[in-house]
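> Take a look at the following structure, please.
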Amino acid sequence: MAKILLLKNDRLGEDENGLGNKLLNGALSIAYDEEKKIKSLETIVLINRGVLLATRENEMALEALKNLSNLGIEVLMCATCVEHFNLKDLEVGEVVSAKIIMPLILQKEVVSL
């Protein structure tokens with residue numbers, strides 16, 4: 001079954017001196033390496049602070065998201081979240097409404113980080 005990776009933050013766990021960013025960057029890089037072999041991810045959804053991953057502020061995560069996108073994985077970002085953070089220069093993915101995101105989340109297996 002195709003999976004959706006739901007990223008709700010720009011870091012994993014409690015951020016202690018940048019540890020959360022390192023953990024998320026590592027997780028995305030591993031996801032890329034694994035996805036080249038197993039091809040189980042269909043979509044990555046960025047909500048809340050997760051939309052910040054599609055900007056140049058987090059170059060390592062952005063690079064991993066671009067690589068995953070190049071494998072054919074759809075990257076979707078919550079329009080309300082993008083607007084809230086006033087993001088203009090998004091480097092990867094598509095900005096969509098909850099009307100697009102919610103049916104995907106309800107119909108597919110979701111892995112949330």
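> Looking at the range 56-85 only, could you name the residues that are loosely packed, with under 15 Cβ neighbours inside 10 Å and either more than 17 Å from LYS8 (Cα to Cα) or in contact with a Pro (Cβ under 9 Å, 6 or more places away or on another chain) (or both)?
Within the range 56-85, ARG56, GLU59, ASN70, LEU71, GLY72 meet the criteria.
> If the Cβ limit is 6 Å and pairs must be 6+ apart or interchain, which residue in the range 91-113 that is within 24 Å of LEU12 (Cβ to Cβ) and modelled with pLDDT under 95 pairs with which residue that is small (Gly, Ala, Ser) and assigned to a helix (DSSP H, G or I)?
Filtered contacts from the range 91-113: GLU91/ALA54.
> Does any residue of the range 38-45 turn out to be closer than 23 Å to ASN21 by Cα, within 12 Å of the chain's Cα centre (by Cα) and at pLDDT below 95?
yes
> Within the range 19-39, track down each residue that is touching a helix residue (DSSP H, G or I) at 6+ places or on another chain (Cβ under 8 Å) and within 26 Å of ALA79 (Cα to Cα).
Within the range 19-39, ASN21, LEU24, ASN25, LEU28, SER29, ALA31, TYR32 meet the criteria.
> Exactly one of these conditions fails for ILE30: (1) part of a helix (DSSP H, G or I); (2) modelled with pLDDT of 95 or more. Give me its number.
All conditions pass for ILE30, except number (2).
> Another question, if that's okay. Residues to consider are ALA2, ALA61; find the one that is under 26 Å from MET102 (Cβ atoms) and in contact (Cβ under 8 Å) with a residue 60 or more places away in the chain.
Every option except ALA2 fails the conditions.
> Please work out which one of (1) part of a helix (DSSP H, G or I); (2) small (Gly, Ala, Ser); (3) surrounded by fewer than 18 Cβ atoms within 10 Å (Cβ to Cβ) is the condition GLY50 fails and give its number.
Here GLY50 clears every test but (3).
The values are calculated or read from the model by the stated rules, or taken from the named source; none is laboratory data. The shown structure was predicted, so the numbers you read here are calculated from the model rather than taken from an experiment. Positions of Cβ are generated from backbone atoms using ideal geometry, with glycine treated the same way; all protein chains shown enter the neighbour counts.
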